[in-house]
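What follows draws every value from the coordinates through simple rules; no lab data is involved. What you are looking at is a predicted structure, and each value in this text was computed from that prediction instead of being measured. Here Cβ is always computed from backbone atoms with ideal geometry, including for glycine, and neighbour counts include all displayed protein chains.
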Amino acid sequence: MPGVEFGWVDVEDQANAVGELDIQTFPTLLIAQGNRVRFLGPVLPAAAAITRLLESLNSDPKAGNASADADALLARLREAGVEHV
């Protein structure tokens, strides 16, 4: 998708940044726009499912279910130097 950047976070390598977040299902995606997390949660490992999720977030700027904790996670990942996050 044009204008979308993707990054990989290894939860073991970035354990300090991930903090107390307990990820039990893979893949788990964090989708952010600017400093606001729009989605944080598990998804089906299928391109079509991820494409639908991205399209739905793109079509509705107010859509998203992430919390202040998710925004704090994004900030910690960026401070840890995770690229494209």
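Shown here for the chain: chymotrypsin sites (Phe, Trp or Tyr not before Pro) in loop regions (DSSP other than H, G, I, E, B) with at most 12 other Cβ atoms within 10 Å, namely 6, 8.
Among the GluC sites (Glu not before Pro) within segment 1-76, those in coil by DSSP and having at most 16 neighbouring Cβ atoms inside 10 Å are 5, 12, 20.
Anyone know which of 57, 73, 21 comes out most mobile in the 10 Å Cα GNM of the chain? Highest fluctuation among the options: 21.
Overall, the anisotropy analysis places segment 1-49 in the oblate class: the square-rooted eigenvalues a ≥ b ≥ c of its C-alpha gyration tensor yield a/c not less than 1.5, with a/b not exceeding b/c.
Per-residue ellipticity at 222 nm computed for the chain from its helices equals -10000 deg cm²/dmol, with DSSP H segments shorter than 4 residues left out and the rest contributing -39,500 (n - 2.57). Here 37, 18, 11 are placed in order of increasing Cβ neighbour count within 10 Å, fewest first, which gives 11, 18, 37. Taken over the chain, the ratio of Cα radius of gyration to 2.2 N^0.38 Å equals 1.05.
The charge dipole of the chain, taken about its Cα centre with unit charges on the Cβ atoms of Lys, Arg (+1), Asp and Glu (-1) only, comes to about 380 debye. The trypsin sites (Lys or Arg not before Pro) of segment 38-80 that DSSP puts in a loop, and whose beta carbon has at most 14 other beta carbons within 10 Å, are 62.
Under 10 Å, Cα contacts only: if you run a Gaussian network model on the chain, which one of 75, 63, 32 comes out with the highest mean-square fluctuation? Highest fluctuation among the options: 63. Computed from Cα positions, the angle between helix 68-79 and the longest principal axis of the chain comes to roughly 70 degrees. Return the single residue from 44, 54, 29 with maximal mean-square fluctuation; model: Gaussian network over the chain, springs between Cα atoms under 10 Å. Top of the fluctuation ranking is 44.
Axis angle, to the nearest 10 degrees, between helix 47-59 and the longest C-alpha principal axis of the chain: 80 degrees.
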